[in-house]
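Remarks on the structure that follows.
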Amino acid sequence: MGEPIHVPLLDLNQQNQPLAAELKDTFARVLDSSQFILGPEVTEFERQVAAGVGATHAIGVSSGTDALLLSLMALGIGPGDEVLCPSFTFFATAGSVSRTGAIPVFIDSLDDDFNLDLENAARRVTDKTKAIIPVHLFGQAADMDAVQRLASAHDLMVLEDAAQSMGTQFGEKKAGTMGDLCAFSFFPSKNLGGFGDGGMITTNDDALAERVRILRVHGGAPKYYHKAIGGNFRLDPLQAALLRAKLGHLPVYIAKRRANAATYLERLSESTPVREGRLLLPSEMSGRTHTWNQFTIRVTNGKRDALMEHLAANQIGSAIYYPVPLHRQECFSNLAGVEARLPICEKMADEVLSIPIYPELSTEQIDHVINTIANAPI
Ligand SMILES: *Cc1c(COP(=O)(O)O)cnc(C)c1O
C-alpha cells in the first residue's frame with residue numbers, strides 16, 4: 001500500500017513552482033525598474049491579452065470585481081437603471097450593479113449550462129432596463145445569440161462577466177469579444193491565475209475603451225482635470241509582469257482542464273450514481289468551448305453534503321459554488337421585485353458540488369476522485 005492519495009480542490013504550487021525561476025527574475029526586473037504604477041509592463045500585458053482574446057482593446061484593472069464596476073460606470077449605469085443578471089453567480093456580478101446605484105434584476109438559470117435563462121430575462125425587461133450581464137459560469141459561455149437578440153430588441157448594453165472564462169468560446173467567438181465590454185479576473189483560482197488580485201476589461205469599442213482608461217485613473221483627463229468621477233482601478237505592473245510569464249501557458253492549462261473533464265465525463269457516466277440519476281454531470285453545450293474553470297456535479301437526492309463529507313474523508317477537496325443564490329441574500333432582501341422565486345437557481349444551490357479539475361491533476365488523482373464518487377453513499 002502506498003501513501004493515501006490526496007487531491008486538494010486546487011494546488012497552485014503545481015502550476016507556479018515550475019515557473020519559479022522566471023517569476024523571481026520577473027520580480028527582480030520590476031524591482032529594478034522602479035516603475036510601480038502602470039507603464040510598459042502593464043501596456044505590454046494588455047497588448048498580449050487583447051491579441052489572445054481577439055479584442056481591439058484590453059485595459060488592466062485591479063480585480064475582476066473592479067472590472068465589472070468600472071465597466072458599468074463607463075456604460076453610464078446608475079440610479080434609476082435596472083440591470084439584468086443571473087442570481088446563480090458569484091456575488092460581484094450583482095454587487096457591482098448595486099454599487100453604481102442601479103438595481104440588479106435577478107434572472108433564473110438554465111438547468112443544462114448553469115447560465116442565464118433568456119426567456120426569463122425577456123419577461124423581466126422594463127423601460128428602466130439598460131444592460132444585461134451574461135456570466136460565463138464555470139468556464140462555459142452563456143447563450144450569446146439569445147443575449148444579443150434580447151439586447152437588440154430592447155436596446156440593452158451587454159457586459160460579459162468572463163471572470164471564470166478566459167479562453168472560452170461561443171461558436172467561433174471568444175469570451176471578451178461579444179459584449180460592449182467584458183470583465184476578466186486573475187484571482188488565483190481563475191483560468192489565468194495571478195499572485196494576488198487583478199483583472200482586465202476588453203472591448204472592440206474605441207470610445208468605451210478611452211472612457212474606461214480615464215475612469216481607471218479617477219476620471220482625470222488630462223491628469224488633475226476631471227470631467228468625470230472615476231477611481232483608482234489600476235493593475236499593478238508587478239502583477240502584470242508576473243501574469244505575462246503565465247499567459248503563454250494558458251492554452252496548455254485549458255487543454256489539460258478539458259482533458260481532465262473529458263476523463264471525468266466518460267468514466268463517471270458509467271458509475272452507478274450517475275446511471276441511476278442521483279448524480280448529474282455537467283455538460284459541454286454543442287458549439288461552445290468549455291474551459292472548465294470548475295467541474296460542478298449535482299446530487300439530486302438531497303445527499304450533497306454526505307458526498308462532500310465522503311470526499312473529505314478520502315482526502316478529496318470540494319466546494320459549493322454557490323450555496324445561496326443572490327436573490328436570497330440578506331443584503332438584497334429589500335430590493336423591489338426581488339421576491340420572485342427562481343426555482344432552478346434555488347435547486348442548483350442545494351445540489352451543486354465542485355470537484356478538483358485543475359490542470360496539474362495526475363492520472364492517479366483523477367482515478368481516486370472517480371472511484372471515490374462511484375462508491376459514494378448517496
Ligand atoms: C471571480 C469572479 C468575479 C470577481 O473577480 P475578483 O477578481 O475576485 O474580484 C466576478 N464574477 C465572477 C463570475 C467571478 O467568478
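Read the figures in this text as sums done on the coordinates, not as results from a lab. All figures in this text were calculated on a predicted structure; none of them were measured in a lab. All Cβ positions, even for glycine, are placed from backbone atoms using ideal geometry, and neighbour counts span all protein chains on display.
Taking the alpha-carbon distance from residue 303 and a cut-off under 25 Å, which lysines remain once sequence neighbours fewer than 8 residues away in the same chain are dropped?
347
Counting Lys and Arg as +1 and Asp and Glu as -1, what is the net charge of the other residues whose Cβ lies under 10 Å from the Cβ of residue 83? Intermediate results must be reported in sequence, preceding the final value.
Numbers: positive: 128, 130; negative: 81, 82.
Once positives and negatives cancel, what remains is 0.
In the neighborhood of residue 244, defined by Cβ-to-Cβ distances under 9 Å, what is the net charge if each Lys or Arg adds +1 and each Asp or Glu adds -1?
Numbers: positive: 246; negative: 41, 44.
Result for the local shell: -1.
Along the principal axes of its C-alpha atoms, what lengths does the range 250-374 span, in descending order and rounded to whole Å?
Result for the range 250-374: principal-axis Cα extents of 50, 33, 26 Å.
When you count, for each residue, the other Cβ atoms within 10 Å and take the mean per peptide, how do 183-193, 227-237, 347-357 rank with the highest first? Present the calculation step by step, with values, prior to reporting the outcome.
Values: 183-193: 23.5, 227-237: 17.5, 347-357: 20.5.
Most protected by this proxy first, the peptides run 183-193, 347-357, 227-237.
Based only on other Cβ atoms within 10 Å, what is the fewest-to-most ordering of 285, 178? Present the calculation step by step, with values, prior to reporting the outcome.
Details: 285 16, 178 24.
Listing 285, 178 from fewest to most nearby Cβ atoms yields 285, 178.
Which order do the peptides 204-210, 109-115 come out in when sorted by mean C-beta neighbours inside 10 angstrom, highest first? Each step should come with its number before you reach the end.
On the way: 204-210: 15.4, 109-115: 20.0.
Averaged packing, sorted descending, gives the order 109-115, 204-210.
Taking K and R as +1 and D and E as -1, what net charge do the other residues with C-beta under 14 Å from the C-beta of residue 155 add up to? Walk me through the numbers on the way to the answer.
Numbers: positive: 128, 130, 149; negative: 81, 82, 127, 180.
With Lys, Arg at +1 and Asp, Glu at -1, the neighbours total -1.
By per-residue mean of other Cβ atoms within 10 Å, what is the highest-first order of 365-376, 59-70, 90-101?
Values: 365-376: 18.6, 59-70: 26.8, 90-101: 20.1.
Highest-to-lowest ranking by the protection proxy: 59-70, 90-101, 365-376.
Check cross-link reach from residue 174 to the aspartates and glutamates: straight Cα distance under 17 Å, and skip same-chain residues fewer than eight apart.
Within the straight-line cut-off, residue 174 pairs with 46, 143, 145, 160, 161, 205, 284.
Can you tell me which lysines have their Cα less than 18 Å from the Cα of residue 246? Leave out same-chain residues fewer than eight positions away.
Counting by Cα, and skipping residues close in sequence, residue 246 has these lysines nearby: 24, 190, 256.
Please compute P(r) over all alpha-carbon pairs of the chain, binned at 20 Å starting from zero, and give each bin as a whole-number percent.
Per 20 Å bin, starting at zero, the Cα-Cα P(r) for the chain comes out as 29, 56, 15, 0 percent.
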